[in-house]
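Comments concern the structure below.
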Amino acid sequence: MRSSHLPPPASFSAALVATIIGFGGTVALVVQAGQALGASPSQIISMLAALAIGIGATGAVLSWRLKMPVVLAWSTPGAALLAATTAGYDWATAVGAFVLAGLMMVLTGLIPVLGRLAGRIPSGIAAGMLAGVLLPFCLKLFQALPLDMVLIASLVAVFLGFRRLAPVWAVPAVLVVAFTVLAVRGQLALPLDNGLFTRLDPTMPHLDWKAAIGLAVPLYLVTLASQNLPGLVVLKNAGYAPPANRLIFWGGLTSTLMAPFGAHGVNLAAITAAICTDADAHPDAAQRWKVGVIYGLLYLCVAAFIPPLAQLFMDMPPHILASITGLALIAPLTGALITVFTHEKGREAAILTFVATASGLALFGVGSAFWGLVAGFAALLVLRRN
């Protein structure tokens with residue numbers, strides 16, 4: 001290949017930055033999600049590896065085929081939903097819910113009317129559920145403060161400093177400081193107990209109606225509303241005409257196929273997509289698809305070395321892990337709350353969704369995210385009738 005056909009250095013740097021931010025920004029949350037669902041260390045490693053493989057392989061192929069930078073990510077709000085569940089699902093049942101959520105996304109991509117119906121879900125209701133899922137994690141940031149006041153206060157200071165100067169680097173900077181301090185203290189060992197290279201650990205999905213209602217449906221809705229739809233907007237704002245149904249279909253199919261290995265959701269990215277679709281990544285919009293391919297290949301490289309990366313977080317003191325997760329979710333919580341309070345029409349319904357979800361309510365083995373949706377839609381129905 002002639003050198004003139006190679007992307008400029010900025011394309012490689014943009015893809016690298018997006019990979020670091022996409023993986024490092026919320027990997028702590030995915031680890032917490034696996035731990036909350038009773039996954040073993042090998043299953044958490046498999047979960048992260050399956051997500052990285054799905055993100056890398058599907059994103060690279062779609063970018064090449066569609067000639068646009070299709071940047072994928074795991075479902076951050078979905079991981080928060082899993083980590084916050086109080087319904088007591090085991091890992092096999094959770095994997096069954098991952099399969100169902102992926103199949104619902106596949107149907108949304110295949111049947112246009114389903115996509116249109118899903119798109120009509122009131123934004124306040126969807127944002128209220130998301131905010132209710134995220135709030136407990138952000139509260140744990142300050143609940144953990146008395147356990148290690150100096151380090152956690154320092155992490156907050158680093159986070160705020162970078163949010164002012166270079167917002168996208170805020171969470172990676174927090175990770176660097178946390179790992180450095182823990183290493184100096186001797187609280188962080190060389191993470192090679194699970195080997196260097198990735199091994200996938202499949203789990204037979206167990207289908208359960210309670211998990212289907214309380215986990216799969218909220219996971220599907222929050223991923224569609226908070227990941228796929230904003231991801232489509234990013235591509236449109238960059239001047240592309242993304243085939244929405246095809247992208248949603250392939251994300252759902254990838255999620256379904258990788259679910260037995262622990263992947264909870266592969267979908268369109270928003271923040272990292274904005275980095276890869278920017279003119280700085282490649283001056284020629286028609287050639288910018290190559291940035292998506294590079295991003296995908298970098299994720300496949302990360303997927304090969306998941307065990308030491310995952311073990312860094314699994315061995316971290318729980319209160320430090322909770323603090324990093326809380327800081328990583330400040331920005332998503334802010335965006336969700338803005339949506340909840342922006343639209344006066346239906347605001348009460350959105351707030352009811354928010355507080356019911358944040359309450360951690362679990363009835364009949366079904367988690368609070370579902371009951372938050374029930375409360376919100378019921379309130380919306382009553383208020384609209386009046």
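The values are calculated or read from the model by the stated rules, or taken from the named source; none is laboratory data. Here the structure is a predicted model, which is why all the values come from computation and not from measurement. Note: ideal-geometry Cβ built from the backbone for every residue, glycine included; neighbour counts use all protein chains shown. Ligands, DNA and RNA are stripped out before the accessible areas are found, and what is left, the full protein with its side chains, is counted by its heavy atoms. Shrake-Rupley method; radii C 1.70, N 1.55, O 1.52, S 1.80 Å.
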Practice item. Kindly provide the helix-only [θ] at 222 nm of the chain, computed as the sum of -39,500 (n - 2.57) over DSSP H runs of four or more divided by all residues, to the nearest 500 deg cm²/dmol? Key: -22000 deg cm²/dmol
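If you take the square roots of the eigenvalues of the alpha-carbon gyration tensor of region 175-248 and sort them as a ≥ b ≥ c, do you get rounded (a/c under 1.5), prolate (a/b over b/c) or oblate?
In terms of gyration-tensor shape, oblate.
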Exercise for review: Assign one of three labels to region 82-138, namely rounded, prolate or oblate, based on the Cα gyration tensor with a ≥ b ≥ c the square roots of its eigenvalues; rounded applies when a/c is under 1.5, prolate when it is not and a/b is larger than b/c, and oblate otherwise.
Suggested key: oblate
Check your understanding: Using Cα-only point scatterers and the Debye equation, what is log10 of I(q)/I(0) for region 213-312 at each q in 0.22 Å⁻¹, rounded to two decimals?
Key -> -1.27
Check your understanding: Tell me, what HN-Hα J-couplings in whole Hz come from the Karplus equation 6.51 cos²θ - 1.76 cosθ + 1.60 at θ = phi - 60° for each residue of region 274-283, using x for Gly and Pro?
Key -> 4, 5, 7, 9, 6, 4, 5, 6, 6, x
Practice item. Show the residues, 5+ positions off or on another chain, whose built amide H is closer than 5 Å to the amide H of Leu72. Key: Ala269
Check your understanding: With every protein chain present, what is the per residue accessible area of the chain (1.4 Å probe, Å²)?
Key -> 42 Å²
Point to revise | Calculated FRET value between Gln143 and Val113, using beta carbons and R₀ = 56 Å, to 0.05 | key: 0.80
Study note, to complete from the structure: Phi angles of region 287-304, converted by Karplus (6.51 cos²θ - 1.76 cosθ + 1.60, θ = phi - 60°) into ³J(HN,Hα) in whole Hz with x for Gly and Pro, give 9, 6, 4, 5, 5, x, 5, 4, 4, x, 5, 5, 5, 5, 5, 4, 4, 6
**Study point:** Three-way shape call for the chain based on the alpha-carbon gyration tensor, with the a/c threshold at 1.5
**Key:** rounded
Practice item. Report the Stokes-Einstein translational diffusion coefficient (µm² s⁻¹, integer) for region 343-386, Rh taken as the Kirkwood radius over Cα pairs, at 4 °C with viscosity 1.567 mPa s. Key: 124 µm²/s
Study note, to complete from the structure: Across Ala356, Ala92, Ala304, the residue with the highest GNM fluctuation in the chain (Cα network, 10 Å cutoff) is Ala304
Study note, to complete from the structure: For region 171-184, Karplus-derived ³J(HN,Hα) couplings (6.51, -1.76, 1.60; θ = phi - 60°; whole Hz; x for glycine and proline) come out as 5, x, 5, 4, 4, 4, 5, 4, 5, 5, 5, 5, 5, 4
Revision key, fill the gap. Here FRET efficiency (C-beta to C-beta, Asp284 to Ala153, R₀ 56 Å, nearest 0.05) is 0.75
Check your understanding: At Asp90 and Val176, where each label point lies 7 Å from the Cα along Cα→Cβ, what is the point-to-point distance in nanometres?
Key -> 4.4 nm
Practice item. Roll a 1.4 angstrom probe over the protein heavy atoms and tell me the percent of accessible area of the chain that is carbon or sulfur. Key: 69 percent
Exercise for review: May I have the pair-distance distribution P(r) for region 1-148, computed from all Cα-Cα distances with 10 Å bins from 0 and rounded to whole percent?
Suggested key: 9, 29, 35, 20, 7, 1
Point to revise | Signed unit charges on C-beta, dipole axis of the chain, positive-most listed residue Met149, Ala379, Pro218 | key: Ala379
**Study point:** Convex hull (Cα only) mean projected area of region 242-386, reported in nm² to one decimal
**Key:** 13.2 nm²
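Expressed as a whole percent, how much of the Cα-Cα distance distribution for region 89-247 exceeds 24 Å?
59 percent
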Point to revise | Separation between Cα centres of region 29-82 and region 198-255, rounded to whole Å | key: 10 Å
